[in-house]
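Note sheet for the following structure.
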Amino acid sequence: MKSECKSTFGLLRSSVLRSFMLLLMCAFIPLGCSKERGRTWSEKDLIGRWELVDRGAVGIPPLGESCEFRADGTVTVFEGSQSRFGTYRVEGNEIELLIAGMPTQRWVISSGVGSELSLFSRSLNTTVRYVKVSPSGLLTGTIGIILKSIVVVALLFLLYRFLARVLEFE
């Protein structure tokens, strides 16, 4: 009778622990979902360095081979060994670029807010794409998601092992 009670109690603790772990894992799922969908770009979203990944049918891309947006509304465009300076303004889903030595340009931002910036030109009927260069590039993109997921799973496993020892079953 005593061993039946002990095994029933151990089974109960085991199912409670499994339920707790399942609930904990379900709590982490929304962390991987983006809140950025459906939101329009703002000046703050552009701040940082961007590199060209697809030139489209444009001879000279609007923001060069790479560019850097600053919080004060200025932009530096890098094309080879040359740098050009200018200003930018975001209005809804359009960006207006006033860069030295070039006419004022208006481009439609055709990508959702994130680490990729797709600019569409109505007059040229083409799209150019830039990606954001992260200062801590290791924890961004697909590799970053994989690394973060591995860390979360490892922490959950350690928590499970700890609770199993505390509740004295395995």
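Once backbone amide H atoms are built at 1.01 Å from N, V113 has G38, R39 as its partners under 5 Å, excluding neighbours fewer than 5 places away on the same chain. With a cut-off of 14 Å, note down the residues of segment 107-124 whose backbone N falls inside the zone around a label point 7 Å from the Cα of S42 toward its beta carbon. Of the residues in segment 107-124, 113-114 have backbone N under 14 Å from the label point off S42.
Between E168 and I145, the FRET efficiency from the beta-carbon distance, with R0 = 45 Å, is close to 0.80. For E94, the residues whose modelled amide H falls within less than 5 Å of its own, excluding neighbours fewer than 5 places apart on the same chain, are I109.
State whether segment 43-133 is rounded, prolate or oblate according to the following rule on the C-alpha gyration tensor (a ≥ b ≥ c being the square roots of its eigenvalues): a/c under 1.5 gives rounded; otherwise a/b larger than b/c gives prolate, and the remaining case gives oblate. It comes out rounded by the Cα gyration axes.
No lab work stands behind these numbers, since they all come straight from the coordinates. Note that the structure is predicted; figures quoted are calculated from it, not measured. Cβ: placed from backbone, ideal geometry, glycine included. Neighbour counts: every protein chain shown.
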